[in-house]
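Please read the structure below before turning to the comments.
Laboratory data are not the source of any read-out in this text; all were calculated from the coordinates shown. Predicted, not measured: the structure shown is a model, and the values here were computed from it. Cβ coordinates were reconstructed from backbone atoms using ideal geometry, including for glycine residues, and neighbour counts include every protein chain displayed.
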Amino acid sequence: MDFNSVGFIGRLTDDPKFAMSQNGKPWVQFTIANNGMKDDDVNFIECKAFNGPANLINQYCKKGMRVAIKGTLRQEKWADQSGLKHSKLIVIVDEVQFLEKAKESGFKPEVAAPTPSAPTGPSPDSQYTAAPSFSMPTPQF
């Protein structure tokens, strides 16, 4: 088996999009902006998280918040309505670390989860199994 592990630090470009899979598992989709070596070199990294990490990201992360993520690369494949095939690489997030306190990022986390809005792309149930859940201490804000 080959090694597949990535890590990035960046800021969320928008609020995470939360949904429940057909099997009742929580998942979120979000993008982080990761600055490169030059000021105008920005990478936009699409991410998905499942189960425990999904709940943490949904509850505590908002647009502009700086996070560190660790996970694996996954290639998503699909065909559009005209039959044209597409693919893209995303990060399946296994771990998330909050790199600033709420007052530094300018937002206050919500106690109740926001109303879910469905992420785009293939359902996690249709392409692969969810990332294993893990327990992580609740961040102190």
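What the table shows:
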item	result
Extension gain (nm, one decimal) between Arg74 and Met20, 0.36 nm per residue minus Cα-Cα	17.5 nm
Simple spin-label estimate for Phe3 and Ser82 in nanometres, 7 Å along Cα-Cβ	4.2
For Met20, Met1, order by how many other beta-carbon atoms lie within 10 Å, fewest first	Met1, Met20
Isotropically averaged projected area of the stretch 6-103, using the convex hull of Cα atoms (one quarter of hull area), nm²	7.7
